[in-house]
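*Asks:* Please find one structure pasted underneath; my questions will follow.
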Amino acid sequence: MRECNISKSITTVLIACLCAFQARAQQDSLTVDEPAIVAMARPQKDGKIMLRWAVTTPVAWRQLNEYGYELKRYTVTKNNRTLPIPTEKTIGIFLPKLLEEWMPLVESNDNAAVMAQSIYGEGFDVEGMDQLSAIINLAEEQEQRFTWGLYAADQDYEVAQMAGLGFVDHEVEPNEKYVYKITSLVPENLMKIKEGGVFIGLQDYEDLPKPLDLAVVFFDGKSMLSWNYAIHNQTYNSYFIERSVDGNNFRILNDLPLTNLNNSDKTDPLRMFYTDSIANGTTYYYRIRGKTPFGELSPVSEVVSGKGEKKLPYVPHITTKYYEDDKTVLLEWEFMEEGNDMITGFELNQSDNVDGIYKAVVKNIPPEARRVRYDSLMPTNYMAITALGKNGSKRTSFPALVQPVDSIPPAKPKGFTGVVDSLGVATLTWDPNTEKDMLGYRVFKGNNKNEEYSQLTVSPHESTTFYDSVSVKNLNSKVYYQLIAVDQRFNMSEPSEILELKKPDFIKPTQPVFKSYKIIEGKVHLTWANSSSDDVIKHELYRKESTSNDWKLVYSVDSKQYTDSSMQSTAQLPTDSLPTAQLPTAQLPTAHWIDENITEGEQYSYTLIAIDDSALESDPAPPLTVIVPKTSLYPPLQGLYGEADREAGTITIRWKAYKEPNASKITIYKGTQGNTINLLKEIPVDTQGIVDGKVKPNNTYEYVFRVVFKDGRVSEISTLEVKY
């Protein structure tokens, strides 16, 4: 075949891109396991869809140039509804145009010349390659052909179509969406190439975005433009730079579009750069346009402007500082005498931070001056001398730290507060000190209030918020912090007030234990040992009767004098409250209580729980079971009346009917006054009188009555005296 040589002009333009393309092609050939066709598309306002495709490896590209690509279209949706069966249409087979068809275009189109040489050239030699031998390694000819061919197709859509890498579909409908599938026609026994495709419709059209974030920096005789190309790198593959001197009439600076191909670890992967040579003192305006692989141009970017200035060749340098007092300093600097005629004078600048904003504090210093006195020093100052050029340029010295003698410490930190969350993260905050020379703060921590605290900060902490990790599962319920302010002379303030923070509590209190009980006069006297945990705020005493399964709160011991008539336990115990209006309370460490609300002969069980200030409850104390004996006496017989009948020789005694339940009999004792009383008789409880026939004249008889009950208990005694 006939060889097409690339002209010298093309070589000059592409020489800067060759290294990057070579590296990219070699990388692709190493990292792509299986050759694949990739595709992209863009709908147009005039009712057409433009398609572009390529393959990922040089060998596959060469095979496809011989066998071709097949393009099919599938109509998938219509009127926003998915078709049950997509409609297939074969658009055609695409191969590079014959060499004869390239020749007319080669003479006028550099990109066409590059593509034709890549496809049909017998040898792919770029004029001037010997000059690049130290920069690149021309590895394999087919990789060079592949790299330059794809570059030319990206830069010229007409060239892409002639190379079989593009197609414009005019037969499309606005209410339809299509899948375009590009398939390799290379026999699979030669090479298997994965098909490519794209899903798109006319309704997917979007206006091209304008390039973003254009910036310019001006230097002596040149300007450097940069812009964010990464955000639109899927839309634009190259850019045109436009410049104006009046802000209205712009002209393109680069005849060929600018492409960023040299991405590496040493370059910015997000921005593109362009350097322009300019004349100093003239204002220049710049804007850019992006170019798509389909040959479309974007809207213009925002305009940036400025002008270059010739810099002063000499820079001042501060050499000495003489402190006259804590407010005054005498500064001296160096500046070449030859530069005196180039400047209008000097300015002294001051800032409280080396990277802060500098303010001119002394102006109109003569060009011949090399020293200046300043009497308004702050505790810390950064001073710089600026030489003011007659052409408006400035040169400023490096900042010099100026610190007068300072032995005054900062004020004691205030507003020190904090909190420990459930994960054990302590967040400490405080009010910032107002001193100008503040360096930071030192944070100290202790697990006990009166111990020596340890320092947490390796160097002074600049912020007024500090985070610390606290162990929440040890026995210390609190953690303590102190704060010291430090200035830039390392003068330290008085320690802040101690900050006491309570840790989140996950450890329940220790168990209270009953020590003893007594039953006195029908009342149960309970004594117990309180929980030993120091964060306990309350003990609760529960009681359960033998006939019930429910524990009821009967007594609350609260260190805060808190009384709650409806207080109930929330863990481990049933929580029915007593029907009393108010529960008795007392202050810790009360360990004694008398239960008066009991019934003789009943069995009662008691238990205790301790509650801490995090509402955690201890295990219940081992239950104490008490049986209250029956010791009280039933009421006596009432209405006793005795009558002596001397004729009959008897004494008749009567009483009221006894109506207490469960009474079984009445026991009667008899004796003469001053002598022993003996059992007279036992009679049924329903008897209401007796006749005593064993009496003698001139005696006073004493009768004693007691009712006996079925459970063995007895009533109080009743007595009666009768003279006979």
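*Asks:* Report the one residue of 420, 530, 444 whose Cα lies farthest in the direction of the positive end of the charge dipole of the chain (charges on C-beta: Lys and Arg +1, Asp and Glu -1; origin at the Cα centre).
*Replies:* 530
*Asks:* Still on this structure, please answer the following. Could you work out the mean projected area of the convex hull around the alpha carbons of the chain, in square nanometres to one decimal?
*Replies:* In nm², the orientation-averaged hull projection of the chain is 68.3.
*Asks:* Within straight cross-link reach of residue 518, meaning Cα distance under 26 Å, which lysines are found once same-chain residues fewer than 8 apart are removed?
*Replies:* Candidates past the 8-residue exclusion: 538, 544, 552, 630.
*Asks:* Now for a different question. Hey, how much of the P(r) for the range 310-457 falls beyond 21 Å, as a percent of Cα pairs?
*Replies:* Value for the range 310-457: 58 percent of Cα pairs lie more than 21 Å apart.
*Asks:* With the crude spin-label approximation of a point 7 Å out along Cα→Cβ, what separation in nm comes out for residue 302 versus residue 396?
*Replies:* 2.4 nm
*Asks:* State, to one decimal in nm², a quarter of the convex hull surface area for the C-alpha atoms of the range 317-402, i.e. the direction-averaged projected area.
*Replies:* One quarter of the hull surface, i.e. the mean projection, equals 5.2 nm².
*Asks:* Oh, and also: Of 48/78; 656/696; 78/181; 394/436, which ones are farther than 23 Å apart at the Cα?
*Replies:* Violating the 23 Å limit, Cα to Cα: 656/696; 394/436.
*Asks:* So, in nm, how far is label residue 81 from label residue 375 when the simple model puts each one 7 Å beyond its Cα toward the Cβ?
*Replies:* Label at residue 81, label at residue 375, 9.3 nm between them.
*Asks:* Dividing the Cα radius of gyration by the Kirkwood radius, what Rg/Rh value follows for the range 389-509?
*Replies:* Rg divided by Rh gives 1.20.
*Asks:* How fast does the range 488-529 diffuse by Stokes-Einstein, in µm²/s, taking the Kirkwood radius from C-alpha pairs at 10 °C and 1.306 mPa s?
*Replies:* 97 µm²/s
*Asks:* Quick one: if the Förster radius is 30 Å, what FRET efficiency do residue 354 and residue 427 give, using the C-beta to C-beta distance and rounding to 0.05?
*Replies:* Efficiency, rounded to the nearest 0.05: 0.45.
*Asks:* What lysines does residue 390 reach when the alpha-carbon gap must be under 18 Å and sequence neighbours fewer than 8 apart in one chain are set aside?
*Replies:* 307, 310, 311, 363
*Asks:* Follow-up question, since we're still on this one. Among 317, 170, 232, which comes first, then next, by fewest other beta-carbon atoms within 10 Å?
*Replies:* Exposure proxy ranking, most exposed first: 170, 317, 232.
The numbers here are math on the coordinates, done by the rules we state, and not lab data. Note that this is a predicted model, so its numbers are computed, not measured. All Cβ positions, even for glycine, are placed from backbone atoms using ideal geometry, and neighbour counts span all protein chains on display.
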